[in-house]
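One structure is given below, encoded as structure tokens.
Computed from the coordinates by the stated procedures, all read-outs in this text should not be read as laboratory data. Quick caveat: nothing in here was measured; it's all calculated off a predicted structure. Methodologically, a virtual Cβ is constructed for each residue, glycine included, from the backbone with ideal geometry; neighbour enumeration extends over all protein chains shown.
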Amino acid sequence: MTQSPSSTMLGDLRVPVVGAPMFLVSGPELVIAQGRAGILGTFPSLNARTTEEFAEWCDRISQSLPEGTPWGVNLIAAPTNARLGADLEICMAKKVPVVITSFHAPPEIAQKVIGYGGIHLHDVATLRHAKKALASGCSGLILVCAGAGGHGGTLSPMAFADEVRRIHDGPMLIGGGISTGAGVLAARAAGADAAYIGTGFIAAEESMASPDYRQMLIEAGSADITYTPLFSGVAANYLSQSIIRSGLDLATMPTGPKRAQDQAKPEGVRTWVDVLGAGQGAGAVERIETTETIVARLAAEYQAALTRLVS
Ligand SMILES: Cc1cc2nc3c(=O)[nH]c(=O)nc-3n(C[C@H](O)[C@H](O)[C@H](O)COP(=O)(O)O)c2cc1C
């Protein structure tokens, strides 16, 4: 397989992990801690309240990390995101090393990001979207598979990674339910350059999650995750306990990829604030820890799993 600049960059990580962007959870402290711990941290630009604040966060991250440490930003490429153009301008001005787009993959973004020497990854949940993203010229793909926190997909990573590898030999990440080093190795075995981990960092000391959110996650396992389109319009994974605490009945949660016309979002329930996102990897999150401790454990578990397999 050809070595693209981004697979080489991912190869320099302490353990092949990208810290996934999480709305209201990942900010500069987490990204800096992830970079210092030896993985690639990312955050959604919309976690900063304004484009000006987003620009300040970019400066803070690049000034806090040793030169050459990769990090990234997530841009929501949807018509509802009025800040897309302005935040993209900041990415260009600050030469953000990695830009991850969600929803659409407009060719202009790929052109601009790759144009300044950045890497543009797009997240996809189906082969059709993977083909569209590759046609838009992005550098690589993030396969958001079953069990992923937030807007997770429904495909098995084993099946999906294989299908994508048949058409794409560049950078590829797998996300969804990976919270251990053995899971990271499994993603590598399935053909990915790195694992994309969100849920495993929600309880990190440096995350923006509330104490209550961290505690609920620590108490949850894979069976305590509900996949429903009710709250954001498209299906996403949430902590079941946060749905119950919002006064709703799990038994009445709609399923399916999109919220139907006759299903209204429950009034007064704030998505991502009252109803909290998390994926099936929740079971591996046992305590609040520093990002360094989490990454050190992932690296040790990765090596142990590799040694076990080789022997
Ligand atoms: C609380 C939460 C918020 C998220 N917000 C975003 C987001 O703003 N943009 C995005 O592209 N993905 C978002 N995601 C998805 C993650 O980037 C990633 O795909 C997912 O966390 C990987 O699966 P895992 O949680 O099982 O590790 C979110 C996930 C969680 C858990």
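Using Cα-Cα distances under 8 Å and only pairs 6 or more residues apart, what relative contact order does region 134-265 have, in percent?
Details: 196 pairs, mean separation 25.5, N = 132.
Relative contact order of region 134-265: 19 percent.
Along its principal axes, what span do the Cα atoms of region 5-208 show, with the longest given first and each in whole Å?
For region 5-208, the Cα spread along each principal axis is 42, 35, 29 Å.
Are there any trypsin sites (Lys or Arg not before Pro) in region 89-198 that are in a DSSP loop and have at most 11 other Cβ atoms within 10 Å? List them by number.
Details: sites: 94, 95, 112, 128, 131, 132, 165, 166, 188; in loops: 95, 166.
Those that pass, being in a loop and sparsely packed, are 166.
Using amide H atoms built 1.01 Å from N in the peptide plane, name the residues 5+ places from residue 141, or on other chains, whose amide H lies under 5 Å from its own.
Placed amide hydrogens put 122, 172, 173 under 5 Å from residue 141.
Starting from the 7 Å offset along Cα-to-Cβ, what nm value, one decimal, do you get for the label separation of residue 83 and residue 306?
In this crude label model, residue 83 to residue 306 measures out at 3.8 nm.
Pop a pseudo-label 7 angstrom from the Cα along the beta-carbon direction at both residue 205 and residue 287 and give the gap in nm to one decimal.
1.2
Within the chain, which whole H helices from DSSP have a Cα span along their axis of at least 18 Å and a mean Kyte-Doolittle hydropathy of -0.5 or more, if any? Let's see the in-between values first.
Values: long enough: 51-64 (20 Å, -0.97); 291-310 (28 Å, 0.52).
Counting only whole DSSP H runs, the qualifying helices are 291-310.
State, as an integer percentage, the relative contact order of region 5-208 based on alpha-carbon contacts under 8 Å between residues 6 or more apart.
Values: 406 pairs, mean separation 39.6, N = 204.
Value for region 5-208: 19 percent.
Would you kindly work out the equivalent ellipsoid of region 234-295 from its C-alpha gyration tensor and give its semi-axes, the square roots of five times the eigenvalues, largest first in whole Å? Please list the in-between numbers first.
Details: eigenvalues 153, 33, 22 Å².
Values for region 234-295, descending: 28, 13, 11 Å.
With springs only between Cα atoms under 10 Å, which of 157, 171, 107 fluctuates most in a Gaussian network model of the chain?
107
Pairs of Cα atoms under 8 Å, at least six residues apart: use those to get the relative contact order of region 1-90, whole percent.
Working: 113 pairs, mean separation 23.7, N = 90.
This gives 26 percent for region 1-90.
Only bridges whose two residues both fall in region 5-208 count here: according to DSSP, what percent of them are antiparallel, nearest 5? List each step's numbers first, then the result.
Working: 0 of 31 bridges.
In region 5-208, DSSP labels about 0 percent of beta bridges as antiparallel.
Can you give me the Cα centroid spacing of region 148-209 and region 110-137 in angstrom?
17
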